[in-house]
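Report on one structure; see the data block that follows.
Every number in this text was worked out from the coordinates using simple rules, so none of it is lab data. What you see is a predicted model; the values in this text were computed from it and never measured. As a convention, Cβ positions derive from the backbone with ideal geometry for all residues, glycine included, and neighbour counts pool all protein chains shown.
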Amino acid sequence: MKKILIVLLSIMLSSSLFAADATKAEKKLASDMRVMLDAIVDMQKAGFYDDARVIKKATGRLIDSLDSLIATDAKNYLPKDQKHAAKFATKREKMIRMYADDLLISLEAKEYDDVIEDYNQIIKQCYSCHSRIRRK
């Protein structure tokens, strides 16, 4: 009886630790999403004032925050009908990273039309993911 009780307690403890880790990951993702939004807003504001330094800094913050899209398993908190959302989010992360890197290259080359196009593509990737995952 003691062994069964110990096994049950250890299972309960490990599952509660797993739940705590999942909650921690969700909070990190939410925090990183706010950082990404702030970075995108800063990129837009800096674009209006032709401030390449702020655009670079904001794009760097965006890129640095992307990792939580991969590290967080969306299956833990999304409805079952969205089980493929994690794969979709991973693809969006790669595309955002690619466009952000290209934006920085275009900015260095002073190809401002390309900078604007890269920014638009980043916004499209964000919207695509949010409209699919948050449609409910």
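Applying 0.36 nm per residue to the separation of K56 and R132 and subtracting their alpha-carbon distance, the gain on full extension is 24.5 nm. A Förster radius of 41 Å, combined with the Cβ-Cβ distance separating K87 from K45, puts the computed FRET efficiency at roughly 0.80. Which links in K24/K57; K27/K56; K56/K94; K45/K91; K57/K124; K56/K110 stretch past 23 Å when you go from one Cα to the other? Distance filter (> 23 Å) returns K24/K57; K27/K56; K45/K91.
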